[in-house]
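The values are calculated or read from the model by the stated rules, or taken from the named source; none is laboratory data. Everything numeric in this text was worked out from a predicted model, so none of it was measured. Glycine also receives a Cβ, built like all others from the backbone with ideal geometry; neighbour counts cover every protein chain displayed.
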C-alpha cells in the first residue's frame, strides 16, 4: 500500500476555504463589510487576524516536525512530507505514521 503525503480532497477543500476566508476577512475591507452584514460582529476582526497568524505558525511548526520525522524514518523525499504538512496540517502527520506502520519506508542513500 502506497501512502501519499497529501490528505483527501474534503480536507484540502476545508483548509483552502477556511484559510482563504480568514485571509480575505483580514485583508479586504469589502469582504469584512459583507461578513459583518451577514454574521454581525460576533468575532472582532483582530481575533480573526490572530487566528490566521496562529494557523500559519501552527502549520509551519507541523511542516518542520513532519519533515524531520520523515527524514529520521528514511522516507523517500522527506521535504515533500514537510511541505505537504505546511499546506494541509495535521492529517499529513497521521498519514506519515500510517506509512511508517505499513512499512512504506524507503531508505535514502547519500
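Overview of results
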{"item": "Qualifying positions in segment 96-105 - surrounded by fewer than 22 Cβ atoms within 10 Å (Cβ to Cβ) and closer than 15 Å to residue 68 by Cα", "result": "97, 100, 105"}
{"item": "Qualifying residue in segment 31-51 (condition: surrounded by 10 or more Cβ atoms within 10 Å (Cβ to Cβ), within 22 Å of the chain's Cα centre (by Cα) and in a loop (DSSP other than H, G, I, E, B))", "result": "no"}
{"item": "Cross-chain or 6+ apart pairs with Cβ under 7 Å, segment 2-15 first and under 19 Å from residue 100 (Cβ atoms), then outside any helix (DSSP H, G or I) and modelled with pLDDT under 85", "result": "2/104; 3/102; 3/104"}
{"item": "Scan of segment 1-21 for residues that are in contact with a helix residue (DSSP H, G or I) (Cβ under 9 Å, 6 or more places away or on another chain), modelled with pLDDT of 90 or more and farther than 19 Å from residue 53 by Cβ, ordered by number", "result": "11, 12"}
{"item": "Test for residue 64: is it assigned to a helix (DSSP H, G or I), closer than 25 Å to residue 2 by Cα, at pLDDT below 95 and in contact with a helix residue (DSSP H, G or I) (Cβ under 9 Å, 6 or more places away or on another chain)", "result": "no"}
{"item": "Selection within segment 67-100 - part of a loop (DSSP other than H, G, I, E, B) and free of Cβ contacts under 8 Å to residues at least 40 places away in the same chain", "result": "74, 75, 76, 77, 90"}
